[in-house]
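Asks: I'd like to ask some things about the structure below.
The values are calculated or read from the model by the stated rules, or taken from the named source; none is laboratory data. All of these numbers come straight from a predicted model, not from anything done at the bench. Reconstructed Cβ throughout: ideal geometry from the backbone, glycine too, with neighbour counts over all protein chains shown. We work out accessible area using only protein heavy atoms, side chains counted, and drop any ligands, DNA or RNA first. Shrake-Rupley method; radii C 1.70, N 1.55, O 1.52, S 1.80 Å.
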Amino acid sequence: APATSAPSSAAPRAEDAHGTRPQLRLDSTTEEVYRYRKAYADCLTDNGMLQKDGKFTPAEESAYQAARKACRDKVPLLPPELDPKQNPHYAASVRVQVKCMQDYGFKVHLVPAPASDPNSLGWTYDELPGDDVDIDKIQNECRAKGFGGGAALTPGPA
């Protein structure tokens, strides 16, 4: 089972505009990623963010924004390799990732980012695979193949 304790103070951290935030790495384990994301999710809850489906009332929206502001120093930073502004080989890595996904039969294509930087490249699905396909597993494997790691970086706050 994933660990539920807060990240160790010895864990790598990075400076950003909001102060010090946890820095994920391409070799971060699933447990490390979970720990950082859980610390953020717990902070949001501790600061009054409600979990609910549907629209927020104005008061709930205000509480949500206040909680996000209070917890911004707990939002884990993605590895620098996954940031086109920090990785000069980002676009090449995305191409490898997309080719891998296409080799698995995923219907995906490259999408240039709206920014003028040619290194800012993304991808999108033309069609989602069927329910019998483990999309996360293949996406993570292909991310690791393209970027040299990062298979534990599944989406989600916790």
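Asks: Check which residues have an amide H placed less than 5 Å from LEU121's amide H, if you skip close sequence neighbours.
Replies: ALA113
Asks: Right, another one. Restricting to Cα pairs below 8 Å that are 6+ residues apart, what does the relative contact order work out to for region 41-158? Please round to a whole percent.
Replies: Details: 129 pairs, mean separation 24.9, N = 118.
Answer for region 41-158 is 21 percent.
Asks: Computing the accessible area with a 1.4 Å probe over protein heavy atoms, can you report the carbon and sulfur percentage for region 70-158?
Replies: On the way: 2800 of 5170 Å².
Ligands and nucleic acids excluded, carbon and sulfur reach 54 percent.
Asks: If the viscosity is 1.567 mPa s and the temperature 4 °C, what translational diffusion coefficient in µm²/s does Stokes-Einstein give for region 46-99 when Rh comes from Kirkwood over Cα pairs?
Replies: Numbers: Rh = 14.1 Å.
Reported coefficient: 92 µm²/s.
Asks: Check the straight Cα-Cα distances from LYS85 and name the lysines below 29 Å, setting aside those fewer than 8 residues away within the same chain.
Replies: LYS38, LYS69, LYS74, LYS99, LYS107, LYS137, LYS145
Asks: Which far-off residues, 5 or more places away or on another chain, put their amide H under 5 Å from the one on LEU77, with H placed in the peptide plane?
Replies: Under 5 Å from the amide H of LEU77 lie the amide H atoms of GLN23, LEU24, each far enough along the sequence or on another chain.
Asks: So what is the accessible area of region 38-158 per residue, in Å², with the probe set to 1.4 Å? Don't skip to the end; give the middle numbers.
Replies: Numbers: 7410 Å² over 121 residues.
Dividing the accessible area of region 38-158 by its residue count gives 61 Å².
Asks: For GLN86 and THR124, what is the calculated FRET efficiency with R₀ set at 30 Å and r taken between the beta-carbons, to the nearest 0.05? Before the final figure, lay out each step's value.
Replies: Numbers: r = 22 Å, r/R0 = 0.75.
With a Förster radius of 30 Å, E is 0.85.
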